[in-house]
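Q: Before I ask anything, here is the structure I am working with.
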Amino acid sequence: MQITLQNFTKTFDDVTVIEDMNLTVKDGEMLALLGPSGCGKSTTLFAICGIHRVNGGKILFGDRDVSDLPSQKRNVGVVFQSYALYPHMNAYENIAFPLKVRKDKPADIKRQVHEIAKLTHIEELLERKPGQLSGGQQQRVALARALVRKPDILLLDEPLANLDAKLRLEMRAEIRRIQLETGITAILVTHDQVEAMSMCDRIALMHDGKIVQLDKPSEMYNNPANKFVADFLGNPPITFLDAKHQGDLLVLPNGHEIKNPKLAASIQSLQVGIRPECFGPQFGTGIKGVVKFIEKQGREELFDIELTDGSQLRSIQPSGADLSIGDDVDWGLSLDDLLLFDLQGERL
Amino acid sequence: MSHNFRHWPIIVILSIVSLPLIIMFAFQIIDTFTTHPIDSMIPDRITFEQFSFLWDEAETGRANIWKVTLNTFIFATTTAVVVCSVSMTTAYALSRLNFPFRRFFLGGLIILHAFPTVTLIIAIFLILQIIGLYDTLLGVIMVKAALELPFGIWIMKGFYDNVPWEIEMAGVQDGASRFTVWWKLVLPQVQPGIFALMIFSFLSGWSEFLLPQVLAPGNDAQVLSTYLTALIADDTKIDFALFKAVGMFYAIPVIAIYLIFQNKLMNIYGGGTKG
Ligand SMILES: Nc1ncnc2c1ncn2[C@@H]1O[C@H](COP(=O)(O)OP(=O)(O)OP(=O)(O)O)[C@@H](O)[C@H]1O
Ligand SMILES: [Mg+2]
């Protein structure tokens, strides 16, 4: 079911956390709400499921205005960051709870719980209490409980934050599989860009209560709307250099000149964003510097290079480069992939 | 081995310090089941005579022991039930609901909890007389429950505060009403608290002396603690053997409750919401 936020505004006492937010989540889509801590992701999510009241604007499910409906009547499934399983009930009772509240017939409840348990691969765990389940298993139970009523919408608040790295990888794929199999419209809140990029159809990147860009993951990475987006996406992160625009040359702080930058003549000063994968020996030469730090990541190695003028660039390369700290390098840039921003941080 | 060695000085010191207590308890028990010659402390004969008050006809002017025990039981149980049910609901409201003057109520609760209630006794006495509940069990129960409430509510609020918000949010999302959420999801999490409060307010009611003494001095509403003082109040013929036996009888339920529930009581803080 399509979700629409129209001029959604949320204030706590006199602090406005979200102002005039507009967002449409398409039917059957999985959308990521991505952003740094405290930017209002959870607040948005809680407004959609009805825990928070909106202070302005509307929330529509399909064509239906639900802004004033209580949570119980919205038919939204939510998975909380802490899973919020009911500790005194076993997995079966947890999953059956929404159906019992709805007063389904016992036989129906049994059938539906087993169906959803099969989908989430927890059939053998139904007798266990939450305390006897691992993090990943609790997560599956929480997911099953959120889905068992066949909700119109599934909301996930940082569902993977409490899992270890390997489980996170596994559950990422699992959640996406279940979402695709059920075809449910889902919103995933996360501050982990990898999660957002790998699990979702589109990403809404939030900053200070506003959506700064709404795009497909690859578009957002390759075509960030502003410096904040470029900085937020990408790991290891992008580095920025101050540059001057002189004639039809772009001059970097170390004196390196880039021809034909296709910029309006009025722009004098700007910033160049260089992702680590766009700087290295494979792009020729011209930028001299000293290796300041090497971080070995197994398959890849990350280099911090200090240029002759003191500014820093980062480079990521396949392992095996025979370099150590203090070595001089002379590398080049992938000119097509440079991202240019004005001094206010807007993309040029 | 060396592990135990390091502990023995502590054990010895603790034993010496607690010796007077142990002797007191031992003496109380031995003394009620034995007789000894007037000039000696060493028992010479085992007897159950001193417990004859349990089956003999009560002396004139003195209440029947079983009637008094029943009174005490009713007093303690009713107090416990009232305290628990009111604390259960009030504490939830104070912990979770947003209503006007919430801070005022919270503050008031702490003050009432710390307030020396003895100072109120004359006012309470007058009020009970006016509304006609003076010298009735109901009157004392109401007063006792009211005075226990601040403590009960405060304890229960602590338990509610430890229940994660998410559990309630999840319940509401699952379609349950606020009441169902409280009854089916939150209450089971604070069950250890309710249990502890039940036991403690029962025991507090069981051992209450001042309120029944002042507010219900007559024979009809007498409880064991006042019965016990009545025994030695009459100083023409103090029967210490009887006094000790009744004291023993009075203490047995308390000891029994602690023995039966000690594991559960000790686990209360560990067992909280782990399920
Ligand atoms: N109940 C509340 N009362 C007052 N302020 C609140 C309340 N809930 C959230 N806020 C504020 O609103 C802002 C957004 O909070 P929110 O929980 O939505 O952040 P978030 O994006 O989910 O962050 P995180 O990634 O840390 O969970 C924060 O500055 C927070 O302090
Ligand atoms: Mg959050």
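Q: As a test question: what accessible area, to the nearest 10 Å², does A:Ser324 have when a 1.4 Å probe is rolled over all protein chains in place?
A: In the full protein context, A:Ser324 sits at about 60 Å².
Q: At a temperature of 20 °C and a viscosity of 1.002 mPa s, determine how fast segment B:1-125 diffuses translationally according to Stokes-Einstein, using the Kirkwood radius over alpha-carbon pairs as Rh; express D in µm²/s, rounded to the nearest whole number. Please report the intermediate quantities before stating the final value.
A: On the way: Rh = 21.4 Å.
D, rounded to a whole number, is 100 µm²/s.
Q: Something else: In Å², and per residue, what accessible area does segment B:63-274 have when probed at 1.4 Å with the other protein chains present? Kindly include the intermediate steps, with their values, before the conclusion.
A: Numbers: 10730 Å² over 212 residues.
For segment B:63-274, the per-residue accessible area is 51 Å².
Q: Compactness ratio of chain B: Cα Rg over 2.2 N^0.38 Å, N = residue count? Don't skip to the end; give the middle numbers.
A: Values: Rg = 23.6 Å, N = 275, 2.2 N^0.38 = 18.6 Å.
In units of the 2.2 N^0.38 Å rule of thumb, it is 1.27.
Q: Let me check something: with ligands and nucleic acids excluded, how do B:Met169, B:Met24, A:Met1 order by accessible area (1.4 Å probe), largest to smallest?
A: B:Met24, A:Met1, B:Met169
Q: So, in segment A:1-157, how many Lys pairs have Cα atoms under 22 Å apart, if the pair is 8 or more places apart or on different chains?
A: 25
Q: Looking at segment A:73-168, which chymotrypsin sites (Phe, Trp or Tyr not before Pro) are in a loop (DSSP not H, G, I, E or B) and have at most 15 other Cβ atoms within 10 Å?
A: On the way: sites: A:Phe80, A:Tyr83, A:Tyr92; in loops: A:Phe80, A:Tyr83.
Listed in order of number, the matching sites amount to none.
Q: Check each of the trypsin sites (Lys or Arg not before Pro) in segment A:263-348 and keep only those in coil by DSSP with at most 10 other C-beta atoms within 10 angstrom; list them in order.
A: Working: sites: A:Lys288, A:Lys292, A:Lys296, A:Arg299, A:Arg314, A:Arg347; in loops: A:Arg299.
Loop-located and lightly packed - A:Arg299.
Q: What translational diffusion coefficient, to the nearest whole µm²/s, does the protein assembly as shown have by Stokes-Einstein, given a Kirkwood radius computed over alpha-carbon pairs, a temperature of 25 °C and 0.890 mPa s viscosity? Let's see the in-between values first.
A: Details: Rh = 31.3 Å.
After rounding, the answer is 78 µm²/s.
Q: To the nearest 100 Å², how much accessible surface do chains B and A cover up together, summed over both, with a 1.4 Å probe? Intermediate values should be presented prior to the final figure.
A: On the way: alone 17030 and 16690 Å², together 32030 Å².
Roughly 1700 Å².
Q: What is the antiparallel percent of DSSP beta bridges lying wholly in chain A, to the nearest 5?
A: Numbers: 56 of 74 bridges.
That works out to approximately 75 percent antiparallel.
Q: Per residue of chain A, what 222 nm ellipticity follows from adding -39500 (n - 2.57) for every DSSP H run with n ≥ 4, rounded to the nearest 500? The partial results should precede the final answer.
A: Details: 8 runs with 84 residues, N = 348.
Roughly -7000 deg cm²/dmol at 222 nm, from the helical runs in chain A.
Q: Counting only DSSP beta bridges with both residues in the protein assembly as shown, tell me the antiparallel percent, nearest 5. If you can, show how the numbers build up before the last one.
A: Numbers: 58 of 76 bridges.
Approximately 75 percent, going by the DSSP bridge assignments.
Q: Also, quick follow-up: Over all distinct alpha-carbon pairs, what is the Kirkwood Rh of segment B:8-47 in angstrom? Don't skip to the end; give the middle numbers.
A: Working: mean 1/r = 0.0858 Å⁻¹.
11.7 Å is the Kirkwood radius here.
Q: While we're looking at this one, here's another question. Please list, by residue number, every one of the chymotrypsin sites (Phe, Trp or Tyr not before Pro) in segment B:94-190 that is coil in DSSP and has at most 16 other beta-carbon atoms within 10 Å.
A: Answer in residue order: B:Phe101.
Q: Based on alpha-carbon centroids, what's the gap between segment A:49-105 and segment A:279-348 in Å, whole number please?
A: Measuring centre to centre over Cα atoms gives 49 Å.
Q: I need two numbers for chain A: Rg to one decimal and Dmax as a whole number, Cα atoms only, in Å.
A: Considering chain A through its Cα atoms, Rg and Dmax are 24.4, 78 Å.
Q: Same structure, new question: Longest segment of chain B with no trypsin sites (Lys or Arg not before Pro) in a DSSP loop having at most 11 other Cβ atoms within 10 Å? Write out the running numbers ahead of the final one.
A: On the way: sites that count: B:Lys237, B:Lys274.
Result, exposed sites excluded: B:1-236.
Q: For B:His7, A:His88, give me the order by solvent-accessible area with a 1.4 Å probe, most accessible first, ignoring ligands, DNA and RNA. All intermediate terms of the calculation are to be shown ahead of the outcome.
A: Numbers: B:His7 80, A:His88 55 Å².
Solvent-accessible surface, decreasing: B:His7, A:His88.
Q: A further question follows. Order the following by accessible area, largest value first: A:Asp231, B:Asp174, A:Asp327. Probe radius 1.4 Å; ligands, DNA and RNA are ignored.
A: Details: A:Asp231 75, B:Asp174 10, A:Asp327 50 Å².
Per-residue accessible area, sorted high to low, gives A:Asp231, A:Asp327, B:Asp174.
Q: Still on this structure, please answer the following. Divide by every residue of chain B the summed helix terms, -39500 (n - 2.57) for each DSSP H run of at least 4, and state the resulting mean residue ellipticity at 222 nm, rounded to the nearest 500 deg cm²/dmol.
A: On the way: 11 runs with 186 residues, N = 275.
Taken over chain B, the calculation gives -22500 deg cm²/dmol.
The values are calculated or read from the model by the stated rules, or taken from the named source; none is laboratory data. What you see is a predicted model; the values in this text were computed from it and never measured. Neighbour counts are summed over all protein chains in view; Cβ atoms, including those assigned to glycine, are modelled from backbone coordinates with ideal geometry. In case anyone asks, the SASA skips ligands and DNA or RNA and just uses the protein heavy atoms, side chains included. Shrake-Rupley method; radii C 1.70, N 1.55, O 1.52, S 1.80 Å.
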